[in-house]
């Protein structure tokens, strides 16, 4: 199916009874909900709250419930997964902090939002999760990292307070910073409230400080349903120190860490940083537990949709000497869990699902119509099985930029394959290119660690041609001009 027919497909599916319109419930789901209501207490009529919890640079395999990492300790996230639906093959559509967030909050591709790279403003004319929910009676609140406003790394301007017009609709409680990693350290730093007043912390781990602010917010009386965007920096590396820093003393528990298979074949910084990375992940998990406990104490847990995710993964400089920014699974795959009202419990979905689909999904769960401008698709039907998974177009476009090596490119991730193209001369000063060269081809079914790059190898021309066709369809759907794609004249290592 061509990507520019996605909306037409969804309309046809809805007409055929395969999928529900935004705000409606699928017939089978309605029956299940009715049965559940008879067994338990009646469902409340009020609109659900949303807690969107984003931890920065979390690998998909660093959630114990994912089942692939025997060392990671995430009991609270595991509990969340049991309460809801876990998307085991979720990906970011742009593996870089700002573009990924823009994509997630607008339901549009990063290049369409204006945020195709770091340190630029997001377009103000696009509907966002916050603006749409506020227009439907919600408050929109942020605590933590923003990173969607212009900043100048040379003059150090734009790091901290964010003026209201650049907040993407988060116009109620605001306690954050734009480039959070530039104005804070793991044990001291500053965020700003809506009016620009400084809020300092000292001798407290950064994750715990933000969690304190979240608990404080949840203990306040809420007159309206709320959207709360909790945006942590950990386990992202500390920029000026160029390393990951976990809570004091906690890394000692992970001195002989389990190492994912995609890291061991390559040099990088994983040997030094994995202990702190594990410790930071454990801290994030405890934070999630505190917030869930507070929601329960405040009597809001059953009325709150809780989403846990990340903006991208991490390959610890094993690819392109970077932490992310490439189309490899270690860079693009992210954890994604939905739990709460209208979300099926203890369910796992293995379809390729991009974070461009998160805002349409959250809006449908809240009974709010999805703006026609959004290109993401609601994933609610997949949360309930039925025909949702069969109807899902099981592929995603990955845009990447500022990689340092290749500069920028495009890729398609399907169920079994990753095919990517790039500009060999960099091209990092533009959002898209008029030509690309074959860059990666991975058989993910046979080579899940993506060690063997099959691009340009004899015997894979037919597969490359088929995937190239899919990629060009997705590029057209994203709004980019049609590029020329050429074969690579050399084999990749």
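The values are calculated or read from the model by the stated rules, or taken from the named source; none is laboratory data. Just so you know, these numbers come straight off a predicted model, no measurement behind them. All Cβ positions, glycine included, derive from the backbone under ideal geometry; neighbour counts span all protein chains shown.
Could you list, ordered by first residue, the pairs with Cβ atoms under 7 Å in which the first is in region 130-142 and within 14 Å of residue 168 (Cβ to Cβ) and the second is part of a helix (DSSP H, G or I), at least 6 apart or interchain?
132/363; 140/130; 140/133; 140/134; 141/217
What single numbered condition from (1) under 23 Å from residue 367 (Cβ atoms); (2) out of contact with any helix residue (DSSP H, G or I) (no Cβ under 7 Å at 6 or more places or on another chain); (3) part of a loop (DSSP other than H, G, I, E, B) fails to hold for residue 343?
For residue 343, the exception is condition (2).
Considering each of 416, 447, 438 in turn, give the residue that is without any contact (Cβ under 8 Å) to a residue 12 or more places away in the chain and under 27 Å from the mean Cα position of the chain (by Cα).
On the way: 416 fails: without any contact (Cβ under 8 Å) to a residue 12 or more places away in the chain; 438 fails: without any contact (Cβ under 8 Å) to a residue 12 or more places away in the chain.
Sole residue among the options that is without any contact (Cβ under 8 Å) to a residue 12 or more places away in the chain and under 27 Å from the mean Cα position of the chain (by Cα): 447.
Quickly run through region 373-382 and pick out the residues that are within 23 Å of residue 84 (Cβ to Cβ) and in a loop (DSSP other than H, G, I, E, B). I'd like the intermediate steps shown before the answer.
Let us first name the residues in region 373-382 that are within 23 Å of residue 84 (Cβ to Cβ), namely 374, 376-382.
Answer for region 373-382, where residues must be within 23 Å of residue 84 (Cβ to Cβ) and in a loop (DSSP other than H, G, I, E, B): 374, 376, 377, 378, 379.
For region 415-434, name all the residues that are assigned to a strand (DSSP E or B) and at pLDDT below 95.
Within region 415-434, 422, 426 qualify.
In region 197-241, what residues are part of a loop (DSSP other than H, G, I, E, B) and either outside the structural domain of residue 367 (by TED's automatic domain parsing) or at pLDDT below 95 (or both)?
221, 222, 223, 236, 237, 239, 240, 241
Specify the residue that is surrounded by the most Cβ atoms within 10 Å (Cβ to Cβ); the eligible residues are those in region 136-188 that are at positive phi and not in a strand (DSSP E or B).
The extreme case among them is 147.
If a residue has to be outside any helix (DSSP H, G or I) and either at pLDDT 85 or above or over 18 Å from residue 110 (Cβ atoms) (or both) to count, how many in region 324-334 make the cut? Walk me through how you get there before you give the answer.
The first filter runs over region 324-334 and keeps only residues outside any helix (DSSP H, G or I), leaving 324-328, 333-334.
From the residues that got through so far, the ones that are either at pLDDT 85 or above or over 18 Å from residue 110 (Cβ atoms) (or both) too are 326-328, 333-334.
Looking only at that region, the number is 5.
Based on what the data block shows, is residue 258 modelled with pLDDT of 95 or more and in contact with a helix residue (DSSP H, G or I) (Cβ under 6 Å, 6 or more places away or on another chain)? Walk me through how you get there before you give the answer.
On the way: modelled with pLDDT of 95 or more: yes; in contact with a helix residue (DSSP H, G or I) (Cβ under 6 Å, 6 or more places away or on another chain): no.
Spelling it out, it is not the case that residue 258 is modelled with pLDDT of 95 or more and in contact with a helix residue (DSSP H, G or I) (Cβ under 6 Å, 6 or more places away or on another chain).
Okay, residues lined up against (1) more than 23 Å from residue 75 (Cβ to Cβ); (2) assigned to a helix (DSSP H, G or I); (3) in contact with a strand residue (DSSP E or B) (Cβ under 7 Å, 6 or more places away or on another chain); (4) free of Cβ contacts under 8 Å to residues at least 12 places away in the same chain:
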{"residue": "262", "(1), (2), (3), (4)": "yes, no, no, no"}
{"residue": "274", "(1), (2), (3), (4)": "no, yes, no, no"}
{"residue": "278", "(1), (2), (3), (4)": "no, yes, no, no"}
{"residue": "281", "(1), (2), (3), (4)": "no, yes, no, no"}
{"residue": "312", "(1), (2), (3), (4)": "yes, no, no, no"}
{"residue": "316", "(1), (2), (3), (4)": "yes, no, no, no"}
{"residue": "337", "(1), (2), (3), (4)": "no, no, yes, no"}
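Against the conditions (1) more than 20 Å from residue 213 (Cβ to Cβ); (2) in contact with a helix residue (DSSP H, G or I) (Cβ under 9 Å, 6 or more places away or on another chain); (3) assigned to a helix (DSSP H, G or I), where does residue 305 fall short? Just the number, please.
Status for residue 305: all satisfied but (3).
Quick one: which residue in 412, 370 is in a loop (DSSP other than H, G, I, E, B) and buried (at least 22 other Cβ atoms within 10 Å of the Cβ)?
When all the criteria are applied, what remains is 370.
Exactly one of these conditions fails for residue 118: (1) out of contact with any helix residue (DSSP H, G or I) (no Cβ under 8 Å at 6 or more places or on another chain); (2) surrounded by fewer than 20 Cβ atoms within 10 Å (Cβ to Cβ); (3) touching a residue at least 60 places away in the same chain (Cβ under 8 Å). Give me its number.
(1)
Cβ contacts < 6 Å: first residue farther than 21 Å from residue 170 by Cβ, restricted to region 190-208; second residue assigned to a strand (DSSP E or B), any location; separation 6+ or different chain. Result?
200/190; 202/188
Considering only residues of region 74-100 that are crowded, with 24+ Cβ neighbours inside 10 Å and assigned to a loop (DSSP other than H, G, I, E, B), which is modelled with the lowest pLDDT?
96
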